[in-house]
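The values are calculated or read from the model by the stated rules, or taken from the named source; none is laboratory data. Just so you know, these numbers come straight off a predicted model, no measurement behind them. Here Cβ is always computed from backbone atoms with ideal geometry, including for glycine, and neighbour counts include all displayed protein chains. Protein only, heavy atoms only, side chains kept; ligands, DNA and RNA dropped before computing areas. Shrake-Rupley method; radii C 1.70, N 1.55, O 1.52, S 1.80 Å.
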Amino acid sequence: MERLTPIRSRPAIVSIVITLTIWYVIPCPADVTLQAWHLLALFIGTIAAIIGKAMPIGAIAIVAIMLVAITGVTNPGKPSAALNDALSGFSNQLIWLIGLSIMLSQSLLKTGLGARIGYGFIAMFGKRTLGIAWALTLAETLIAPVTPSNTARGGGIIHPVMRAIADSLGSPPGHTEKGSTGRYLALVNYNINPISSAMFITATAPNPLIVSFLTKGTDGVLNMTWGMWAIAALLPAVVSLMVMPVVIWWLYPPAITRTPDAPQFARQKLDALGPLSLAEKITLGVFILLLCLWAGVPAMIMGNSWTVNPTSAALIGLSILLLTGVLTWEDILKCRGAWDTIVWFAALVMMADFLSKLGLVSWLAMSIGTAIDHLGVHWSIATLLLILLYVYSHYFFASTTAHITAMFSAFFIAGLGLGAPPALLGLMLGFASSLMMSLTHYGTGTAPIIFGSGYVTLAEWWKTGLVMSVVNLTIWAVTGAFWWHLLGYW
């Protein structure tokens, strides 16, 4: 008899109970419409299902879209209009930018260009273990702008390179000797990921959602372009990427500090890959073109009439890869991550948009702001409290997307109400949304892959994550505030 794969009953029941409790039991606040309150019930139930992994996130998103449509919470009494509202997220350009970028990144894996970049840096800088750490850092940072799946980047491309190097140094998973080199490299491998994810709008899937929240929270005044985001992240990111391997060295020094054979090992891997193939050359050319288009280089040279929409640029790049045969349509159809992201992103963006339109986010922000305002502290202290609360609540989330969707907009608007400069607050919250990934072994998709490889114990992982969260937040708050002021952002 055929067995069906059921949903996970406990988290499903919890999410249903939460939804029904908010909908029917908890009284709707006086300043909130019944529509908004019912949509909040669906929204929180959806987030609970995502956190509990009741079903795959794409399946949860389909159910959420269905519930919004049939309950008519966005447009009572108008089923057709409610359905249009429920499907409105699929018209969002930023959602398609991320989906297309994930499709583009498949060429890094298919052609072997991603591994070539990693081994290339090891060959140049790998004579010391610290050099290997920085080489891995450079490799991931280089491909971050065109790899919106931080899981694919850190877990699928860089992690196999890191494991090959650790094995060549005689430090396999489960090596318990104090100062294990594999442990050090695995911790570095993971902690590159939160920083590289913060550097570019296209470096992790939820970043465009943050851009959308910033734009709507300031009525279009704070409209971050790809170039503005990258420039804003540049200085604090460089400092973090340089400091991070040193901090982890201090926490868990490797047994092997000199690795004279590592460059030779990397060169052997490069030799096995052979000369740069035509497919790799085309992929490299496409990625350079995309970086130029996303950074607005044509507009800088030729004038504003040559500005290319970021999503249109991604379509251009993907079209070139398809026309040249680097990627096939079968490759695109098999790119489950892209289609999955488009579906769940559309659902969450739709619900977040209507929560804002119905006034719920403003009410929640006012409530948070009022609670902090009663402390009677300066806006700078109030902003710090908001950011710390936002970041360390990530211990309760297994998804950065769920966390950002649930909390970002309300915290941003609350900070504005407390007097924080919009750009300073928005950038700090935006970058912290990636930096908080360092905390746990379940904080983002990359974490289970690297933690599951067995190099690091749970206690070592959490200790490193906590220390790095403090280090990164300090660097980005201090260096970032100076840099953004110098740029004239605030």
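Taking the listed residues 466, 435, the one that is free of Cβ contacts under 8 Å to residues at least 60 places away in the same chain and in a helix (DSSP H, G or I) is 466, with no other qualifying.
Residues checked against (1) closer than 27 Å to residue 415 by Cβ; (2) open to solvent by 10 Å² or more (accessible area, probe 1.4 Å); (3) among the hydroxyl-bearing types (Ser, Thr, Tyr):
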| residue | (1), (2), (3) |
| --- | --- |
| 229 | yes, no, no |
| 258 | no, yes, no |
| 265 | no, yes, no |
| 269 | no, yes, no |
| 283 | no, no, yes |
| 287 | no, yes, no |
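Determine, yes or no, whether residue 315 is assigned to a helix (DSSP H, G or I) and under 28 Å from residue 437 (Cβ atoms). I'd like the intermediate steps shown before the answer.
Numbers: assigned to a helix (DSSP H, G or I): yes; under 28 Å from residue 437 (Cβ atoms): no.
No.
Checked against (1) over 23 Å from the mean Cα position of the chain (by Cα); (2) touching a residue at least 40 places away in the same chain (Cβ under 8 Å), residue 299 passes all but a single condition, namely (2). Taking the criterion of being of a type in the set (Val, Ile, Thr) and open to solvent by less than 70 Å² (accessible area, probe 1.4 Å), the residues of the range 7-32 that qualify are 18, 19, 21, 22, 32. Close contacts from the range 135-152, counting a first residue that is open to solvent by less than 30 Å² (accessible area, probe 1.4 Å) and a second that is of a type outside the set (Gly, Ala, Ser) and not in a helix (DSSP H, G or I), with Cβ to Cβ under 6 Å and a gap of 6+ residues or different chains, come to 144/200; 145/200; 150/204.
Within the range 374-381, does at least one residue satisfy the condition of being open to solvent by 50 Å² or more (accessible area, probe 1.4 Å), at positive phi and not assigned by the TED database to the domain that holds residue 155? Yes: the range 374-381 contains one or more residues that are open to solvent by 50 Å² or more (accessible area, probe 1.4 Å), at positive phi and not assigned by the TED database to the domain that holds residue 155. Of the residues making up the range 228-258, those that are assigned to a helix (DSSP H, G or I) and either more than 20 Å from the chain's Cα centre (by Cα) or over 23 Å from residue 436 (Cα atoms) (or both) number 9. In the range 361-386, the residues that are modelled with pLDDT of 80 or more reach residues that are in a loop (DSSP other than H, G, I, E, B) and of a type in the set (Val, Ile, Thr) with C-beta atoms within less than 8 angstrom, at least six apart or across chains, in these pairs: 363/32; 385/377. Here the helices (runs of 4 or more DSSP H) wholly within the range 108-171 that include at least 3 residues being under 16 Å from the mean Cα position of the chain (by Cα) are 129-143. A Cβ distance below 6 Å, combined with a sequence gap of six or more or placement on separate chains, defines the contacts here; from the range 66-87, residues that are closer than 16 Å to residue 33 by Cβ reach residues that are assigned to a helix (DSSP H, G or I) and charged (D, E, K, R) in the pairs 74/85; 75/85.
When we screen 405, 444, 401 for residues that are part of a loop (DSSP other than H, G, I, E, B), closer than 23 Å to residue 344 by Cβ and open to solvent by less than 50 Å² (accessible area, probe 1.4 Å), the only hit is 444.
Within the range 191-203, is even one residue surrounded by fewer than 22 Cβ atoms within 10 Å (Cβ to Cβ) and either in the same structural domain as residue 328 (by the TED database) or closer than 19 Å to residue 431 by Cα (or both)? Looking through the range 191-203, none of the residues is surrounded by fewer than 22 Cβ atoms within 10 Å (Cβ to Cβ) and either in the same structural domain as residue 328 (by the TED database) or closer than 19 Å to residue 431 by Cα (or both).
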